[in-house]
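Student: A single structure is presented below for examination.
What follows is calculated from the coordinates using simple rules that are stated; it is not laboratory data. Predicted, not measured: the structure shown is a model, and the values here were computed from it. Cβ placement follows ideal geometry from the backbone for every residue including glycine, while neighbour counts extend to all protein chains displayed.
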Amino acid sequence: MVIISNYNIFHNGKNSFSIESKESALCPICHHPLKLRDHVPRILKSKKGEVRWLHIRRLRCSNPACHTLHRELPDILAPFKHFETDVIAGVLEGLITSETHAYEDHPCESTMRHWHHWLYARLLGVMDGSQSLARRPLPPYAKTAAPPISAPAAALLHRLMDATANWLKVILRHLYNSGHFLSPGSHIPQYCCEHCLSCILQSANLHCIP
């Protein structure tokens, strides 16, 4: 999986759209160039449950020793999620609830709770690098409440939220393009960089934020 932020969207008719990347994608595993294999449809849901279908590229690593297949997601999509990234970010920031106009049923409350769990137990666990959180079974309250995270991970989250409305896109792009794939239900891998805060901020050109 690779995530791109520089692309065009073309309307093909009805609810079908094509994505044209302006980036030269590299394999997140071995960093060799990726070559086009084919295109696949990907669902995208927005407010009121409106559905669009995006035709995204599948890319094959050009390294014979790797040859891994990757889907290229525009950053309006979150890996393994149907709703657009901005909707998910709005829920995580508390700006969108089940009482918000146009979001009364889409997403549902259980989906919103799942997203909070996903943020704290998965994404921030990787940035945290906390093996006590990464290796232990999920706590019994995980489906109804956000598990605790360390102060550095919480500080990074709040710093990104304050710095840019695209904070979730920044986190996802950095993690996935660095080779840290978070499939549903998987345990969190150990993050490879001791200076994750500066890496993520620099990747978003936010390294000068006080």
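Student: Taking the options Ile43, Ile4, Ile88, Ile96, name whichever one is touching an Asp or Glu at 6+ places or on another chain (Cβ under 7 Å) and within 25 Å of Trp115 (Cα to Cα). Lay out the reasoning, then the answer.
Tutor: On the way: Ile43 fails: touching an Asp or Glu at 6+ places or on another chain (Cβ under 7 Å); Ile88 fails: touching an Asp or Glu at 6+ places or on another chain (Cβ under 7 Å); Ile96 fails: touching an Asp or Glu at 6+ places or on another chain (Cβ under 7 Å).
From the options Ile43, Ile4, Ile88, Ile96, the qualifying one is Ile4.
Student: His31 passes all but one of (1) in contact (Cβ under 8 Å) with a residue 40 or more places away in the chain; (2) not in a strand (DSSP E or B); which number fails?
Tutor: Unmet condition: (1).
Student: Which numbered condition trips up Asn6, out of (1) within 21 Å of Ala165 (Cβ to Cβ); (2) touching a residue at least 24 places away in the same chain (Cβ under 8 Å); (3) in contact with a Lys or Arg (Cβ under 7 Å, 6 or more places away or on another chain); (4) polar (S, T, N, Q)?
Tutor: (2)
Student: Something else about it: Scan region 10-28 residue by residue and report those that are assigned to a strand (DSSP E or B) and surrounded by fewer than 13 Cβ atoms within 10 Å (Cβ to Cβ).
Tutor: Of the residues in region 10-28, the ones assigned to a strand (DSSP E or B) are 10-13, 16-21, 26.
Across region 10-28, the qualifying residues are Phe10, His11, Asn12, Gly13, Glu20.
Student: Turning to a different aspect of this structure: Among Leu73, Leu54, Leu44, which is over 18 Å from Asn166 (Cα atoms), under 17 Å from the mean Cα position of the chain (by Cα) and surrounded by 15 or more Cβ atoms within 10 Å (Cβ to Cβ)? Let's see the steps before the verdict.
Tutor: Values: Leu73 fails: over 18 Å from Asn166 (Cα atoms); Leu44 fails: over 18 Å from Asn166 (Cα atoms).
Unique residue meeting the criteria: Leu54.
Student: Then there is this: Would you check which residues across region 62-116 are outside any loop (DSSP other than H, G, I, E, B) and of a type in the set (Phe, Trp, Tyr) and list them?
Tutor: Passing the criteria: Phe83, Trp115.
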